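The values are calculated or read from the model by the stated rules, or taken from the named source; none is laboratory data. Just so we're clear, the structure is a prediction, and the values are computed from it rather than from any experiment. We place every Cβ from the backbone using ideal geometry, glycine too, and count neighbours over all the protein chains shown.
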Amino acid sequence: MKRILWKYLLIAVLFAAPAALFGQDSASAAEEAAVAEAEAEMNDPTQGEGDDSSGGASEIDSGDTAWMIVATALVLFMTLPGLALFYGGLVRSKNVLSVLVQCFALCGIMSLLWVIYGYALAAGGEGCAFMGWDSSFLFLNHLTVEGASGTIPESVFVTFQMTFAIITPALIVGAFAERMKFKAILLFSVVWFTLSYCPIWHMAWGGGWFGELPGGLPEVLDFAGGTVVHVNAGIAGLVACIMVGKRRGYPKTLIMPHNVPMVLIGASMLWVGWFGFNAGSELAADGVAGMAMLVTQIATATAAVTWMFVEWRTSGTPTAVGIATGAVAGLVAITPASGVAGPMGAILIGFASGVICYFCATSLKKKFGYDDSLDVFGVHGVGGVVGAVLTGVVAYKSFGGSGAAGLEGEVGMMAQVMAQIASVIITIVWSGVVSFVSLKVIDAVVGLRADDQIEEQGLDSNEFGETAYN
């Protein structure tokens with residue numbers, strides 16, 4: 001019996017050994033073939049992302065598309081209801097409805113303007129260094145279901161950028177809250193959108209001036225809108241609040257927020273929505289978007305805590321409005337750097353914005369006497385400048401950045417910082433001139449400021465025939 005078992009065992013070994021050797025040879029051959037195929041694809045520019053049967057058009061990625069649809073909704077959520085509630089809580093109860101209506105109306109108007117001609121002025125490739133143009137983009141007549149922008153449908157890209165066009169003019173209304181005529185606000189917003197927002201968008205993201213600065217300066221880094229959105233809106237807000245004038249009684253009369261919980265709720269919505277703003281600006285669901293989300297959280301947390309402790313130190317107590325405003329300052333400042341900064345750079349930007357924006361929103365405003373009602377300049381303008389300039393620092397690997405776009409070894413940090421400063425100066429001058437001239441014209445046509453009696457009674461009941469609370 002044992003001899004029979006040994007015979008069967010020997011036969012099994014004799015058959016199994018060649019099979020195993022054959023299997024190993026087959027696996028090795030398969031691995032070699034796979035490596036050869038991969039090398040061939042790497043050497044063949046027609047293979048990989050963006051290759052399809054249409055001859056080089058981008059291939060739509062379902063994951064990127066799904067993320068960008070969510071990001072677009074998040075950015076719209078920042079305006080409605082986030083910014084509306086944040087601003088609404090900061091004003092007095094007799095004017096809360098006016099702020100909500102202004103944000104709501106601007107959402108509708110800017111959406112239409114972006115469709116009719118805004119996208120053509122901003123993204124059109126037939127313009128100049130200062131303004132884009134493409135007549136086929138008017139009314140988005142060129143859009144098709146199959147049309148792509150990178151790995152997402154162009155319709156999604158257009159809608160995503162539409163939400164930026166919505167929130168930027170809405171930010172400005174906080175500077176002259178409680179005293180400017182509604183029709184003047186609408187006229188100013190239309191003119192400013194056309195002559196300032198669209199040109200700066202084109203300069204930064206549409207292949208315009210910021211990519212070809214004079215003096216051999218490198219391309220400006222503005223990942224999600226430090227200059228396009230925040231510096232642009234902040235300067236417009238400063239010019240507008242000075243030209244409209246101070247609120248009645250300011251600064252002798254203490255003007256307090258009417259609903260602090262509303263402020264905190266609005267700020268919280270802004271914080272959440274900002275992940276779509278920054279991480280969405282990568283236009284893909286990838287590692288850059290993930291890092292943008294992380295550094296947004298880090299910078300915002302750092303700025304909120306920094307503002308809290310600085311306020312605690314200077315005034316004796318931290319406030320809810322203060323920590324919420326500090327968080328917004330951090331969100332603003334990290335915006336241009338969110339695609340290139342690392343965690344260490346996010347902490348630096350968050351700390352710097354928390355300290356600098358605090359003193360600009362308090363001491364600087366008091367010293368010069370302008371009435372920036374809801375600190376649009378102090379937070380968005382100054383925070384945008386801080387973030388834009390520091391982007392040229394934190395992008396470097398020595399500061400934990402990603403070393404984006406050939407910075408390491410090719411472009412010196414000082415050259416990059418100078419490019420960032422140049423973009424800030426251009427934005428300040430451009431937005432300032434457009435705002436001043438347009439407000440002058442509008443003042444001559446319809447007047448800027450509400451009558452004293454209307455301002456005293458409140459804009460809600462006089463301009464809208466309603467009140468927020470009954």
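It is to be established whether one or more residues within segment 346-364 are within 27 Å of G287 (Cα to Cα), at pLDDT 95 or above, surrounded by fewer than 24 Cβ atoms within 10 Å (Cβ to Cβ) and touching a Gly at 6+ places or on another chain (Cβ under 8 Å).
So far as segment 346-364 goes, no, none of its residues is within 27 Å of G287 (Cα to Cα), at pLDDT 95 or above, surrounded by fewer than 24 Cβ atoms within 10 Å (Cβ to Cβ) and touching a Gly at 6+ places or on another chain (Cβ under 8 Å).
Among the residues of segment 96-116, is there at least one that is in contact with a helix residue (DSSP H, G or I) (Cβ under 7 Å, 6 or more places away or on another chain), in contact (Cβ under 8 Å) with a residue 24 or more places away in the chain, buried (at least 23 other Cβ atoms within 10 Å of the Cβ) and more than 23 Å from S196 (Cα to Cα)?
Within segment 96-116 (the criterion being in contact with a helix residue (DSSP H, G or I) (Cβ under 7 Å, 6 or more places away or on another chain), in contact (Cβ under 8 Å) with a residue 24 or more places away in the chain, buried (at least 23 other Cβ atoms within 10 Å of the Cβ) and more than 23 Å from S196 (Cα to Cα)), the answer is yes, since at least one residue qualifies.
The rows are residues; the columns are (1) crowded, with 16+ Cβ neighbours inside 10 Å; (2) of a type in the set (S, T, N, Q); (3) touching a residue at least 60 places away in the same chain (Cβ under 8 Å); (4) under 18 Å from M203 (Cβ atoms).
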residue: V411; (1), (2), (3), (4): yes, no, yes, no
residue: Q416; (1), (2), (3), (4): yes, yes, yes, yes
residue: I426; (1), (2), (3), (4): yes, no, yes, yes
residue: S431; (1), (2), (3), (4): yes, yes, yes, yes
residue: A444; (1), (2), (3), (4): no, no, no, no
residue: L448; (1), (2), (3), (4): yes, no, yes, no
residue: I454; (1), (2), (3), (4): no, no, no, no
residue: G458; (1), (2), (3), (4): yes, no, yes, no
residue: E466; (1), (2), (3), (4): no, no, yes, no
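Pairs, please: C-beta under 7 Å, at least 6 apart or cross-chain, first residue part of a helix (DSSP H, G or I) and in segment 121-134, second small (G, A, S) and buried (at least 17 other Cβ atoms within 10 Å of the Cβ)?
L121/G132; A122/G132; A122/G206; A123/G132; A123/G206
Give me the residue from segment 282-300 that is small (G, A, S) and under 25 Å from S149 (Cα atoms) and, out of that set, surrounded by the most Cβ atoms within 10 Å (Cβ to Cβ).
Restricting to residues being small (G, A, S) and under 25 Å from S149 (Cα atoms), the top hit is A292.
Cβ-Cβ under 6 Å, sequence separation 6+ or interchain: first residue in segment 142-167 and aromatic (F, W, Y), partner at pLDDT 95 or above and outside any helix (DSSP H, G or I). Which pairs?
These pairs meet every condition: F157/S149.
Before we move on, is I242 under 24 Å from I185 (Cα atoms), surrounded by fewer than 23 Cβ atoms within 10 Å (Cβ to Cβ) and either polar (S, T, N, Q) or in contact with a Phe, Trp or Tyr (Cβ under 6 Å, 6 or more places away or on another chain) (or both)?
It is true that I242 is under 24 Å from I185 (Cα atoms), surrounded by fewer than 23 Cβ atoms within 10 Å (Cβ to Cβ) and either polar (S, T, N, Q) or in contact with a Phe, Trp or Tyr (Cβ under 6 Å, 6 or more places away or on another chain) (or both).
Of all residues in segment 61-109, count the ones that are among the hydroxyl-bearing types (S, T, Y) and under 20 Å from I255 (Cβ atoms).
3
So G322 clears everything in (1) small (G, A, S); (2) in a helix (DSSP H, G or I); (3) touching a Gly at 6+ places or on another chain (Cβ under 8 Å) except one condition, right? Which one?
G322 satisfies every listed condition except (3).
In this structure, does V91 turn out to be at pLDDT 95 or above, surrounded by 17 or more Cβ atoms within 10 Å (Cβ to Cβ) and among the β-branched types (V, I, T)?
Working: at pLDDT 95 or above: yes; surrounded by 17 or more Cβ atoms within 10 Å (Cβ to Cβ): yes; among the β-branched types (V, I, T): yes.
Yes, satisfied.
Does segment 327-343 contain any residue that is part of a helix (DSSP H, G or I), free of Cβ contacts under 8 Å to residues at least 60 places away in the same chain and surrounded by fewer than 20 Cβ atoms within 10 Å (Cβ to Cβ)?
yes
Need the failing condition index for M42 against (1) of a type in the set (A, V, I, L, M); (2) in a helix (DSSP H, G or I); (3) more than 30 Å from M262 (Cα to Cα); (4) at pLDDT 95 or above, just the number.
All conditions are met except number (4).
Name the one entry in A289, A301, A279, A285 that is of a type in the set (A, V, I, L, M, F, W, C) and assigned to a loop (DSSP other than H, G, I, E, B).
Criteria check complete, one pass: A285.
Among the residues that make up segment 163-173, is at least one of them farther than 17 Å from A84 by Cβ and modelled with pLDDT of 95 or more?
No, that holds for no residue.
Test V355 against the stated conditions and say whether it is within 16 Å of the chain's Cα centre (by Cα), in a helix (DSSP H, G or I) and β-branched (V, I, T).
For V355, the condition - within 16 Å of the chain's Cα centre (by Cα), in a helix (DSSP H, G or I) and β-branched (V, I, T) - is not met.
Considering every residue within segment 401-412, establish whether at least one is within 30 Å of F223 (Cα to Cα), among the hydrophobic types (A, V, I, L, M, F, W, C) and in a helix (DSSP H, G or I).
Yes, segment 401-412 has at least one match.
What are the residues in segment 125-145 that are in contact with an Asp or Glu (Cβ under 9 Å, 6 or more places away or on another chain) and modelled with pLDDT under 95, if any?
Result: G125, E126, G127, A129.
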